[in-house]
Amino acid sequence: MPWGREIKGDVLNKVTMLVQDEDVLLDPDRLGTLYAQLGEAAAEDVICRAMEEMAIRLTCAERMYREDQITGLRKTVRCLAAIADQVGMHGLARVARDVAHCIDGSDHNGLAATFARLLRIGERSLTAIWDLQDLSG
């Protein structure tokens, strides 16, 4: 359809909602290694502390993004990536690194999109590992 052409009918009244739905992947081998190396109690302690730290960093990152504190945001998401890798949340870690990459490249549009994705994946990842902890104990 050429630009400027009048659209007839109710075509303008139709809106398609895009559903952002991605599977969250936890690395069971990484979690198994933690349990094998540290024992059940210590591994659960490490995982719980990591979850708390990731939740705090996601909250801080959201505030920094809103307040345009880009330097602090980059540092926060890099730390988030390291913690997520430690407990087998490689998807969350990858998205956090993608956010840092957008910051490094001054890609404002990419940053907006990847940061929104980080918040979605972060919430789902924390819920998934919390549910896994509930099943194990």
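The values are calculated or read from the model by the stated rules, or taken from the named source; none is laboratory data. Remember, it's a predicted structure, so these values are computed and weren't measured experimentally. Note: ideal-geometry Cβ built from the backbone for every residue, glycine included; neighbour counts use all protein chains shown.
Condition first: exposed (fewer than 13 other Cβ atoms within 10 Å of the Cβ), modelled with pLDDT of 95 or more and not in a helix (DSSP H, G or I). Can you find one or more residues in the range 129-137 that meet it? No. Consider the range 101-126 and keep the residues that are within 18 Å of residue 82 (Cα to Cα) and more than 12 Å from the chain's Cα centre (by Cα). The one that is surrounded by the fewest Cβ atoms within 10 Å (Cβ to Cβ) is 104. Residue by residue through the range 53-89, note down the ones that are of a type in the set (D, E, K, R), in a helix (DSSP H, G or I) and at pLDDT 95 or above. Passing the criteria: 53, 57, 62, 63, 66, 74, 75, 78.
Of note, residue 84 does not satisfy the criterion of being loosely packed, with under 14 Cβ neighbours inside 10 Å and among the hydrophobic types (A, V, I, L, M, F, W, C).
Against the list (1) closer than 14 Å to residue 111 by Cβ; (2) more than 17 Å from the chain's Cα centre (by Cα); (3) crowded, with 16+ Cβ neighbours inside 10 Å, the condition residue 44 fails is (1). Among the residues making up the range 18-52, a single one is among the polar types (S, T, N, Q) and at pLDDT below 90: 20.
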